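Please treat every number below as a calculation from the coordinates, not as lab data. In this text, all values refer to a predicted model and were calculated from it rather than measured experimentally. Here the Cβ positions follow ideal geometry from the backbone for every residue, glycine too, while neighbour counts run over all protein chains shown.
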Amino acid sequence: MSTATANKTIEVEKVRGIPGHSTVGTDDLDAASAYYDKLLAVFGVGRLLEQPGRAVYYGHRALEFGVIKPFDGKQATIGNGTMVAFEAQSRAQVDEAHATALRAGGTDEGAPGPRGENGQGPYCAYFRDPEGNKFLVYRSGPDEV
């Protein structure tokens, strides 16, 4: 893929750019990290950085997602309209992530299936973690695996 900018052609690699990483808050770091250990294992993602009593960060080679206790010491709350999205490699991985999230204590917010007009959009599933944070797992286009 290339993009033209000011008479210059720039080769754009298919890499993840923004965001650098996302976090959700928790009041029970042990329970939350146990939940995310199970869920993120579906994507082959494990713990990269642990700050005892404060935060656990996950990713492949760089920080991609974290669960943290709020810095200000106040109670963690969910954001209305806030959602974290995870890109899956296949529709089967969307199904597996959704099922894992529910088995680990999450709640369903939309069963796996195609979205969009005539079901031609991405294959998506929605859920909330045990503390109410909303997540989307999706696959756009053909499966990678």
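Could you work out how much longer the chain between residue 37 and residue 87 gets when fully extended? Use 0.36 nm per residue separation minus the Cα distance between them, nm to one decimal. Before the final figure, lay out each step's value.
Values: separation 50, 0.36 × 50 = 18.00 nm, distance 1.71 nm.
Gain on extension, residue 37 to residue 87, equals 16.3 nm.
What would the Debye equation give as log₁₀ I(q)/I(0) for the chain at q = 0.17 Å⁻¹, counting only Cα atoms as equal point scatterers?
Here log10 of I(q) over I(0) equals -0.98.
So if we plug the beta-carbon distance of residue 28 and residue 140 into 1/(1 + (r/R0)^6) with R0 = 30 Å, what FRET efficiency do we get, rounded to 0.05?
So the FRET efficiency works out to roughly 0.35.
Name the residues whose placed amide hydrogens come within less than 5 Å of the amide hydrogen of residue 66, ignoring near sequence neighbours (fewer than 5 apart) on the same chain.
It is 22, 23, 24, 58, by chain and number.
Between helix 91-103 and the chain, what is the angle of the helix's C-alpha long axis to the longest principal axis, kept within 0 to 90° and rounded to the nearest 10?
With both axes taken from Cα atoms, the answer is about 10 degrees.
Per-residue ellipticity at 222 nm for the chain, helices alone: DSSP H runs ≥ 4 residues times -39500 (n - 2.57), over residue total, nearest 500 deg cm²/dmol?
Rounded to the nearest 500, it is -5500 deg cm²/dmol.
Once both labels are modelled 7 Å past Cα along the beta-carbon direction, what's the residue 72-residue 49 spacing in nm?
For the pair residue 72/residue 49, the computed spacing is 2.2 nm.
Using a basic spin-label model with each label point 7 Å from the Cα along Cα→Cβ, how many nm lie between residue 63 and residue 102?
3.3
Would you kindly derive the ³J(HN,Hα) couplings of the stretch 36-52 from the backbone phi angles with the Karplus curve 6.51 cos²θ - 1.76 cosθ + 1.60 (θ = phi - 60°), listing them in order in whole Hz, with x for Gly and Pro?
6, 4, 5, 5, 6, 5, 4, 9, x, 9, x, 5, 10, 8, 10, 10, x
Restricting things to alpha carbons, find the Rg to Rh ratio for the stretch 67-145 using the Kirkwood radius for Rh.
Result: Rg/Rh = 1.05.
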